[in-house]
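**Q** Okay, here's the structure, questions in a sec.
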Amino acid sequence: MLMATATPPTAGLLASLGVWFWIDLTEAGHVAFVLLAHPPARREGESPESIEGDMRGLAAALNLADPSARLPDIGPRLVVHGRSALLSLDGCQAALHVPVSAEWSGFVSAGAPVAVAVGLDPLKPRTPFADVRPYVSEGAQRGRLFLGKTRAEPARRFIGEGGPPV
């Protein structure tokens, strides 16, 4: 379960996140992944504790679970258009814009499952995938990664909900 120190996500938090995406073969078959992580503290007032609170708030807004729990279905939260995806969050006026590859977009648009992961530990922007894989596996083993599964949905859900995508 998420701790009470979780803070609701802001547009500023969403804009600061690092985003990684890939398709992987799992025990359940091929799955598209999206990892959201915060860079190390770099602004006045940021600390490892405040960043962790922000990331816990993001995980809560996505209804993600600790990796020791059964992977929850967080409902359809993605709208995919070309090489972009929007990820909706509970209690947040903005959606998270995720730039994706044509392969990822096509795979998800065809109905493939998507695993969303939020890491509590910092990860430098543009970290190569060779370093992302151990971040994910070690984070899951240490309970520092929250997970859920989603899928793409029609774009009409975002129309008129207020708040521009980030």
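The values are calculated or read from the model by the stated rules, or taken from the named source; none is laboratory data. Note that the coordinates shown come from a computational prediction; the quantities given were computed from them, not determined experimentally. Neighbour counts are summed over all protein chains in view; Cβ atoms, including those assigned to glycine, are modelled from backbone coordinates with ideal geometry. Ligands, DNA and RNA are stripped out before the accessible areas are found, and what is left, the full protein with its side chains, is counted by its heavy atoms. Shrake-Rupley method; radii C 1.70, N 1.55, O 1.52, S 1.80 Å.
**Q** Suppose we filter segment 32-50 for residues that are at pLDDT 95 or above and open to solvent by 20 Å² or more (accessible area, probe 1.4 Å); how many remain?
**A** Residues that pass the stated criteria total 1.
**Q** Show the residue pairs that are 6+ apart or on different chains and have beta-carbon atoms under 8 Å apart, the first residue being within segment 92-109 and within 17 Å of A59 (Cβ to Cβ), the second being of a type in the set (F, W, Y).
**A** Close Cβ pairs (under 8 Å, with a partner that is of a type in the set (F, W, Y)) amount to A95/F158; V98/F21.
**Q** If I ask for residues that are in contact with a strand residue (DSSP E or B) (Cβ under 7 Å, 6 or more places away or on another chain), small (G, A, S) and over 13 Å from L17 (Cβ atoms), which ones from segment 112-134 would you list?
**A** Result: A112, A115.
**Q** Now, a different point. Could you say which residue among G29, G57, G53 is more than 11 Å from the chain's Cα centre (by Cα) and surrounded by 20 or more Cβ atoms within 10 Å (Cβ to Cβ)?
**A** The unique qualifying residue is G57.
**Q** Could you please find all residues in segment 126-142 being of a type in the set (V, I, T) and crowded, with 17+ Cβ neighbours inside 10 Å?
**A** V132, V136
**Q** Continuing with the same structure: Given D90, D24, D73, which one is open to solvent by less than 40 Å² (accessible area, probe 1.4 Å), closer than 16 Å to T150 by Cα and not aliphatic (A, V, I, L, M)?
**A** None of the other options fit; the residue is D24.
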